[in-house]
Amino acid sequence: MPRRFLEWWNRHQRLADALLATVACVYLLIEVPYYEQPIADLDRVPLSFWGDLLAYASLAWRRRNTVAVLALVWALWLLSGRWDIWTEWNASWAELSTPTALMFMSYTAGRWSSSRWAGLFIIATLLPVAPVTVQQVFGPDTLPFPLPAVPTPLLVTSFALCSGAWGLGRLRRSESEAITRGEESRVQAVLAEERIRIARELHDIVAHNVSAMVIHSDGAAAALLDQDLDEAGQAVDAIGASGRATLRELRLLLGLLRDAPMAPQPSIDAIKDLAERLPMEVRLHVSGQVREAPPALGLAAYRIVQEALTNTLKHAGKGAKADVSLRYAEDGLHIQITDDGGGRIRRRAGSLSWSGSGQGLVGMRERAAMLGGTVQVTSPPPGGFQVEATLPWT
């Protein structure tokens, strides 16, 4: 249950942050534990309460505008005069006060932001040390304004707490980046191996078909010398058939080589193995009367499913879930791939594309077009991607 909750939390970041801010604000409005009077008596509500409420309401934007929210919370903390984060958090952490929010935002800055401004605000938690130290050394009347009676060591402890929270966030960020780099390295290794396999397959196709064409041309030449027009015509027809087959296979292979495929010339049956091999949950649904598909159609179906699932894995992460539907109909094979909402979407010239170069979508459409089929990509609510392809049997 906690793992599923964390996966949901990471997939729906905006909704999760808004939910966090709402729960915190509702808690503050109901409890107000540091104020003894009813909340309805607004004239007697201390300003610190409104500062706390604003600090926690801003958490709804903590990952979208991390530095701005950190700056706001830091300013509210400085104005509140409750600079001793250790005492505030350790003695009455359930109050959800601004010092607690500052420590939480320090972790958020380390986890989700690489801006230098975040570090500057962490260092700025030492700002109250100077005037408090001056007042302690030279007397309470040294400064023209009163300051809270907070010992300097406790202020340094507050800095240590914020720095520790920021460091913990940086550690989590480094672990996540290391996992991503490892996955990318493994993918690149697989792609490099597949390029070698395709080069071998290209050699086999060219060698076989060109050899057949040479043999048929020799036969046609011999038949013409013998004035056997029927045999010569059959040889010419065979040369044409071999040439057309070679062109079709070369177009497929060259397109696949550009997109770096994961397996040499697979078919529809290999989709099940692909779904089981990927490091994410893929549910495969097959309907209609299953029939044997031509090799070119089976290869195109596999590549379309592979490209869609690969994009889901790259942009939504291995915690994403996807559904693959194969429907055998009279007019062709209907394919639908839907993920559950982790993909990032960009609109470009009125069309949808995954964040990136967009070659994946182009490749899928080209494969379908070579067989007279179509590919459509949409973003159904509440998000994610849906790829629908139709590949006719003929």
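No value in this document is a laboratory result; all are computed from the given coordinates. What you see is a predicted model; the values in this text were computed from it and never measured. So basically every Cβ, Gly included, is an ideal-geometry build from the backbone, and we count neighbours across all protein chains shown.
Here the calculated FRET efficiency for residue 116 and residue 291, from their Cβ-Cβ distance with R0 = 41 Å, stands at 0.10, rounded to the nearest 0.05. Couplings 3J(HN,Hα) for the range 96-108, derived from phi with the Karplus relation 6.51 cos²θ - 1.76 cosθ + 1.60 (θ = phi - 60°), are 6, 7, 4, x, 5, 5, 5, 5, 5, 5, 5, 5, 4 Hz, where x marks Gly and Pro. Taking 0.36 nm per residue of separation and subtracting the Cα-Cα distance, full extension of the segment from residue 185 to residue 12 would add 59.6 nm. Across the range 111-124, rounded Karplus estimates of 3J(HN,Hα) from the backbone phi angles (6.51 cos²θ - 1.76 cosθ + 1.60, θ = phi - 60°) give 7, 10, 10, 10, 6, 5, 4, 4, x, 5, 5, 5, 5, 5 Hz, Gly and Pro being marked x. Going from the fewest other Cβ atoms within 10 Å to the most, the residues 394, 100 appear in the order 394, 100.
State the Cα centre-to-centre distance between the range 62-79 and the range 103-118 in whole Å. Using only Cα atoms to place each centre, the spacing works out to 10 Å.
Label-to-label distance for residue 379 and residue 241 is 5.0 nm, based on points extended 7 Å past Cα in the beta-carbon direction.
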